[in-house]
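In what follows, a single structure is set out as structure tokens and then discussed.
Readers should treat all values here as calculations from the given coordinates under stated rules, not as data from a laboratory. Remember, predicted model here, so these are calculated numbers, not experimental data.
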Amino acid sequence: MANGSLKDLKKFCFIALLEGISYLILLLIAMPLKYFADMPLFVKYFGWAHGVLFVLFCFYLVKVWQGFKWSFGKTAMAFIASLLPFGTFVLDKNLKKEYPELK
């Protein structure tokens, strides 16, 4: 670990998991309720929560990128993981392999 804080990396992993969960809830529950059951309120609230978590994810991604001296490619892959369903879960698994002290 370069100058990176393990605390920041743990926060990043936690936020990544929350962001991934909120994304799945938005895609698999809230959106179908909006379009098939005419219940748009779930999208409003889960969309808002997901947006806040995504911004936090990006903030901590930049923080660990700089702190741990990640390559641009590794950082870009972490960002892309946040855009794919289940991507942040794969990211978390890979980070725990790379940094065993996260477990």
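Tabulated data
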{"quantity": "The chain - mean residue ellipticity at 222 nm from DSSP helices (-39,500 (n - 2.57) per run, n ≥ 4, rounded to 500)", "calculated": "-24500 deg cm²/dmol"}
{"quantity": "Segment 65-103 and segment 32-61: distance between their alpha carbon centers, rounded to Å", "calculated": "22"}
{"quantity": "Hits among lysines - C-alpha to C-alpha of residue 69 under 30 Å, sequence gap 8 or more where chains match", "calculated": "7, 10, 11, 93, 96, 97, 103"}
